[in-house]
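The next block holds one structure in the form of structure tokens; read it before the comments.
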Amino acid sequence: MHVPDEIRPLILDTFLYHAAYGQFATVNQSSIPSVRTVHFHFIPDRDQLVVSTNLKSEKCTHIQHNPFVSGCYWYQQKGVQIRFQATASIISENDVVKDPLLETMWNKMRTEVRLAYALNDHQIPMYRENVNADTAIHSPNHALIVCTPLRWDVFYENPSQYRMGKRAIYTQNFEN
């Protein structure tokens with residue numbers, strides 16, 4: 001689903017130009033949901049949201065069995081809640097054709113996050129002080145969860161009266 005024109009400026013402002021930490025939900029094989037806080041990134045030329053993760057994470061295991069995810073972000077400065085439902089796929093170093101987005105997103109991560117990957121790759125305890133590890137080397141455990149939204153649900157809060165807020169829902173047309 002392409003991002004509807006009506007909300008494209010909001011999506012760009014929220015997930016491209018700012019650090020957008022929000023909630024992300026997956027479902028395991030027993031249909032039990034798991035929610036965690038992640039950093040959402042929007043990729044305009046793909047109209048997709050991307051989340052960096054460890055390939056060994058529970059998120060990846062869940063998505064391999066059930067590719068449907070949902071997310072929520074509260075943009076406090078604008079009084080807007082953005083929710084989405086999406087299909088998800090995983091991009092990793094194990095793919096036959098390496099997607100350049102993997103390296104781009106690696107370089108966007110904070111140095112301390114890349115350091116955590118490097119320590120994990122070399123089985124060095126996270127609490128160890130004065131570690132000398134090269135954070136420029138792409139970890140083989142770094143993966144991306146690529147979310148293709150099927151539904152956007154945007155709530156515009158009315159600051160004076162909550163009940164007067166407006167909601168806009170955009171759903172993919174499956175009849176085409």
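A compact table of results
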{"read-out": "Failed item, numbered, when GLN77 is tested on (1) exposed (fewer than 13 other Cβ atoms within 10 Å of the Cβ); (2) at pLDDT below 90; (3) in a loop (DSSP other than H, G, I, E, B)", "value": "(2)"}
{"read-out": "Per-region count, the stretch 142-176, residues more than 28 Å from ARG46 (Cβ to Cβ), at pLDDT below 85 and not aromatic (Phe, Trp, Tyr)", "value": "4"}
{"read-out": "Residue pairs meeting the criteria (Cβ under 6 Å; at least 6 apart or on separate chains; first closer than 17 Å to HIS39 by Cα, in the stretch 58-78; second of a type in the set (D, E, K, R))", "value": "CYS72/ARG83"}
{"read-out": "Number of the condition not met by GLN85 [criteria: (1) of a type in the set (S, T, N, Q); (2) under 15 Å from the mean Cα position of the chain (by Cα); (3) over 18 Å from PRO4 (Cα atoms)]", "value": "(3)"}
{"read-out": "Only one of SER31, SER70 that is more than 24 Å from VAL154 (Cα to Cα), of a type in the set (Ser, Thr, Tyr), out of contact with any Leu (no Cβ under 9 Å at 6 or more places or on another chain) and not in a helix (DSSP H, G or I)", "value": "SER31"}
{"read-out": "Qualifying residue in the stretch 83-100 (condition: closer than 26 Å to HIS18 by Cβ, out of contact with any Ser or Thr (no Cβ under 6 Å at 6 or more places or on another chain) and not in a strand (DSSP E or B))", "value": "yes"}
{"read-out": "Unique match (being within 23 Å of PRO9 (Cα to Cα), in contact (Cβ under 8 Å) with a residue 12 or more places away in the chain, out of contact with any His (no Cβ under 9 Å at 6 or more places or on another chain) and aliphatic (A, V, I, L, M)) among VAL51, VAL154", "value": "VAL154"}
{"read-out": "Unique residue being over 26 Å from GLU112 (Cβ atoms) and not β-branched (Val, Ile, Thr) when the list is LEU55, LEU10, LEU49", "value": "LEU10"}
{"read-out": "Leading residue by the ranking (surrounded by the fewest Cβ atoms within 10 Å (Cβ to Cβ)) among those in the stretch 31-60 that are closer than 19 Å to PRO4 by Cβ and in contact with a strand residue (DSSP E or B) (Cβ under 9 Å, 6 or more places away or on another chain)", "value": "ARG46"}
{"read-out": "Subset tally (residues that are more than 18 Å from VAL146 (Cα to Cα) and either at pLDDT 95 or above or under 14 Å from the mean Cα position of the chain (by Cα) (or both)) for the stretch 11-27", "value": "1"}
{"read-out": "Residue list for the stretch 134-164, restricted to those being within 26 Å of the chain's Cα centre (by Cα) and small (Gly, Ala, Ser)", "value": "ALA136, SER139, ALA143"}
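To keep it simple, each residue is scored yes or no on (1) over 13 Å from the mean Cα position of the chain (by Cα); (2) charged (D, E, K, R); (3) modelled with pLDDT under 95.
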position	(1), (2), (3)
ASP45	yes, yes, yes
THR61	yes, no, no
ASN94	yes, no, yes
VAL97	yes, no, yes
PRO100	yes, no, yes
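The values are calculated or read from the model by the stated rules, or taken from the named source; none is laboratory data. On a predicted model such as this, the values are computed, not experimentally measured, just so you know. As a convention, Cβ positions derive from the backbone with ideal geometry for all residues, glycine included, and neighbour counts pool all protein chains shown.
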